[in-house]
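What follows is a short report on a single structure.
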Amino acid sequence: MEEPNTSLFANEREANMESTVAMVEDVLIELGHFVNECRHERAGSAAAWTIRKGSASIDIDIVEHPKSFRLRVSATVLTLGKDVNRESLFSRLLALNAVEITGAAFALQDPEVLLLSERSTLDLDRSELRELVYTVQNFADEYDDKLVDEFGGTLGRRAD
C-alpha cells in the first residue's frame, strides 16, 4: 500500500496560510491601517498584527493547530490588580458573554482579561474576517474603560 502524499497536504496548508495572510493584510488596508506598522512577530503565532481602536489594542494572530491554522482576534481589555474584586468582575463578564457580547467572549489569561474570537482559516472569507475584527475591536473599545472604572485594574496589557 502506498503512503499518502503528505507533501500535497503541506502545500495546501502553506497555500491556506499565504492566502489568509494576504486577506488579513487586505482587510487591514481597507480599514485604514498601514500594514507595515501593524505587522509583528509574536511568540506562538505564524503571523501577527496589532491595530488600535480608541483605547483598545487588538491583536490578530494566525496560530498553528494540528489540522489547520486558526485566526485569533483578541484584545486585552484590562489587567487585573490586587484591588480588583475578581468574583464580581468574573460574574459581570459571564453575564456580558451571555447577554450582550455576540461573536466573541471575555476570557482570562491571568492577569489579563481578554475579549477574543477565533475560527479556522479553512473557508474563511473577507466578510467573516472583517466581522471578527469589527466585533472584537468595537466591544473591546466599548467595555475596557467601563470595566476598569467599575472594577479597577488598568487598561490594556501589563507592561513587562
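Points to keep in mind about this one:
- Given R0 = 25 Å, the distance between the Cβ atoms of Ser68 and Glu37 translates into a calculated FRET efficiency of 0.30.
- If you take the alpha carbon atoms of the range 80-156 and fit the smallest convex hull around them, that volume is 92 Å³ per residue.
- Taking all C-alpha pairs of the range 56-110, those more than 16 Å from each other amount to 56 percent.
- If you wrap the chain in the convex hull of its Cα atoms and look at it from every side, the mean projected area works out to 11.5 nm².
- 222 nm mean residue ellipticity, helices alone, for the chain (DSSP H n ≥ 4; -39,500 (n - 2.57); rounded to 500): -14500 deg cm²/dmol
- For Val63, the shell of other residues with beta-carbons less than 12 Å away shows a net charge of 0, using +1 for Lys and Arg and -1 for Asp and Glu.
- For the range 13-160, the solvent-accessible area works out to 53 Å² per residue, with a probe of 1.4 Å and every protein chain left in place.
- With the simple model of a label 7 Å out from the Cα in the direction of the Cβ, Val99 to Asp149 spans 1.8 nm.
- Taking Leu116, Leu89, Leu80 as the candidate residues, the one with maximal mean-square fluctuation in a Gaussian network model of the chain, Cα springs under 10 Å, is Leu89.
- Within the accessible area of the range 27-160 (1.4 Å probe), percent carbon and sulfur: 49 percent
The values are calculated or read from the model by the stated rules, or taken from the named source; none is laboratory data. As the structure is a computational prediction, the values presented were derived from the model and not from experiment. In this analysis, Cβ positions are derived from the backbone assuming ideal geometry, glycine residues included, and neighbour counts consider all displayed protein chains. These accessible areas exclude ligands, DNA and RNA; they are computed on the full protein's heavy atoms, side chains included. Shrake-Rupley method; radii C 1.70, N 1.55, O 1.52, S 1.80 Å.
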